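Undergrad: Right, I'll just put the structure down here and ask away after.
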Amino acid sequence: MKKYTDQGKIDTRSGFGAGLLEAGRKDSRVVAMTADLKGSLKMDAFAAEFPERFIQCGIAEANMVGAAAGLAITGKVPFIGSFAEFVTGRVYDQLRQEVAYGHTNVKIASSHAGITLGEDGATHQTMEDIALMRALPGMAVVAPCDFNQTKQATIASVDWDGPVYLRFGRPAVPNFTDPDEPFEIGKTYVMNEGKDVSIITCGHLVWEALQAAEALEAEGIGAEVLNVATIKPLDEATILASIGKTRCAVVAEEHNAAGGLGEAVAGLLAAKCPTPVEFVNGEDKFGQSGKPAELMAAWGFDAAHLAEAAKRAIARK
């Protein structure tokens, strides 16, 4: 089994901030915009170095989306940043009409996504944002796993033709991927090879899946871990190749059951390779207040629960 080392815990939103700054240095078209959340989105360094390319829109998310679409039409590459709840649900009409319908080159940076937002509770813990964004025609949906991959995904999104939804978290999590590996939108990364079960996941749960695979290996079970860093467009070939070996899967995501990664994979397998699948997700409910690690365990998003799900999937073969 390939071993990954935690290089130090840091939040993925900081990866976005680092990637935004590097993207801005490489490409003068890059513009950053936020709805009164510059610090939370880690845009401070970009704003300090490129004040003429940073726009503080205030608490007016709908206006921010419209302004970004206008800038994109003029040839700029705007990144709009806010909490996932505010930059999806609050402005869905604007995203649909002004960004997706016009296929404008707007990059949507969503921080504080999922249950790991923690103590802020259900009103801020969006667990349905991937479903909303997947439903928009032409919208790429990206959920990188750590600081390094988030930085590279942010840089890569500049050259992607059309809108991109980038999903980040609030808490400090293990940083374990290669900092120099370029990110490819539309690619699923095989983090660990195995022959008994595929654990298909994204975001914060990739590290948990790797820990689950290590525990399973000690029991003689080979788990193949797939990091679906791009949920849309889905890398069907890599997923089907893995399923072709293992013949069963777990799909785990920090998102509700409806419309997320689980349904994307289930649709693929139903059409092309019917397979026993266990699903680990937020089911059909809102979040709750608590510390991120406690919530991950309570909702079954930790390594121990993923390992048990893998055994259930194997038993169904």
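Undergrad: Of the residues I10, I80, I55, only one is β-branched (V, I, T), farther than 19 Å from V91 by Cβ and at pLDDT 95 or above; which? Can you show your working first?
TA: Details: I80 fails: farther than 19 Å from V91 by Cβ; I55 fails: farther than 19 Å from V91 by Cβ.
Just one listed residue meets the conditions, I10.
Undergrad: OK, next. Of the residues in the range 6-64, how many are surrounded by fewer than 19 Cβ atoms within 10 Å (Cβ to Cβ) and touching a Pro at 6+ places or on another chain (Cβ under 7 Å)?
TA: Going through the range 6-64 one residue at a time, the tally reaches 2.
Residue-by-condition table, conditions (1) surrounded by 17 or more Cβ atoms within 10 Å (Cβ to Cβ); (2) assigned by TED's automatic domain parsing to the domain that holds A122; (3) farther than 18 Å from W160 by Cα:
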| residue | (1), (2), (3) |
| --- | --- |
| A68 | yes, yes, no |
| T74 | no, yes, no |
| F83 | yes, yes, yes |
| G89 | no, yes, yes |
| Q94 | yes, yes, yes |
| H103 | no, yes, no |
| S110 | yes, yes, no |
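Undergrad: Would the range 146-169 turn up any residue that is under 14 Å from the mean Cα position of the chain (by Cα), surrounded by 21 or more Cβ atoms within 10 Å (Cβ to Cβ), of a type in the set (F, W, Y) and part of a loop (DSSP other than H, G, I, E, B)?
TA: yes
Undergrad: Would you say I10 is β-branched (V, I, T), in contact (Cβ under 8 Å) with a residue 40 or more places away in the chain, touching a strand residue (DSSP E or B) at 6+ places or on another chain (Cβ under 8 Å) and under 30 Å from E224 (Cβ atoms)? If you could, list the steps in order and put the result at the bottom.
TA: Details: β-branched (V, I, T): yes; in contact (Cβ under 8 Å) with a residue 40 or more places away in the chain: yes; touching a strand residue (DSSP E or B) at 6+ places or on another chain (Cβ under 8 Å): yes; under 30 Å from E224 (Cβ atoms): yes.
Yes: the conditions hold for I10.
Undergrad: Here are some conditions: (1) under 20 Å from M296 (Cα atoms); (2) surrounded by 24 or more Cβ atoms within 10 Å (Cβ to Cβ); (3) modelled with pLDDT of 95 or more. P174 meets all but one. Which one does it not meet?
TA: (2)
Undergrad: Within the range 191-199, can one find any residue that is charged (D, E, K, R) and under 30 Å from A72 (Cα atoms)? Don't jump to the end; show me each part of the working.
TA: Just the residues of the range 191-199 that are charged (D, E, K, R), to begin with: 193, 195-196.
Within this subset, residues satisfying the condition of being under 30 Å from A72 (Cα atoms) are none.
Looking for residues that are charged (D, E, K, R) and under 30 Å from A72 (Cα atoms), one finds none in the range 191-199, hence no.
Undergrad: Could you check G300 against (1) closer than 18 Å to C145 by Cβ; (2) in contact with a strand residue (DSSP E or B) (Cβ under 6 Å, 6 or more places away or on another chain) and say which number it fails?
TA: (1)
Undergrad: So, restricting to strands (runs of 3 or more DSSP E) that lie completely within the range 206-317, which ones have at least 1 residues that are under 19 Å from the mean Cα position of the chain (by Cα), free of Cβ contacts under 8 Å to residues at least 60 places away in the same chain and surrounded by fewer than 24 Cβ atoms within 10 Å (Cβ to Cβ)? Reasoning before the result, please.
TA: Working: elements: 223-227, 230-232, 249-252, 277-280.
Answer list for the range 206-317: 277-280.
Undergrad: Also, quick follow-up: Take the range 117-128 and flag every residue that is out of contact with any strand residue (DSSP E or B) (no Cβ under 8 Å at 6 or more places or on another chain) and surrounded by fewer than 24 Cβ atoms within 10 Å (Cβ to Cβ).
TA: G118, E119, D120, G121, A122, T123, E128
The values are calculated or read from the model by the stated rules, or taken from the named source; none is laboratory data. It should be emphasised that the depicted structure is a prediction, and the values quoted were computed from it without experimental measurement. Every residue, glycine as well, gets a Cβ built from its backbone with ideal geometry; the counts of neighbours run over all protein chains shown.
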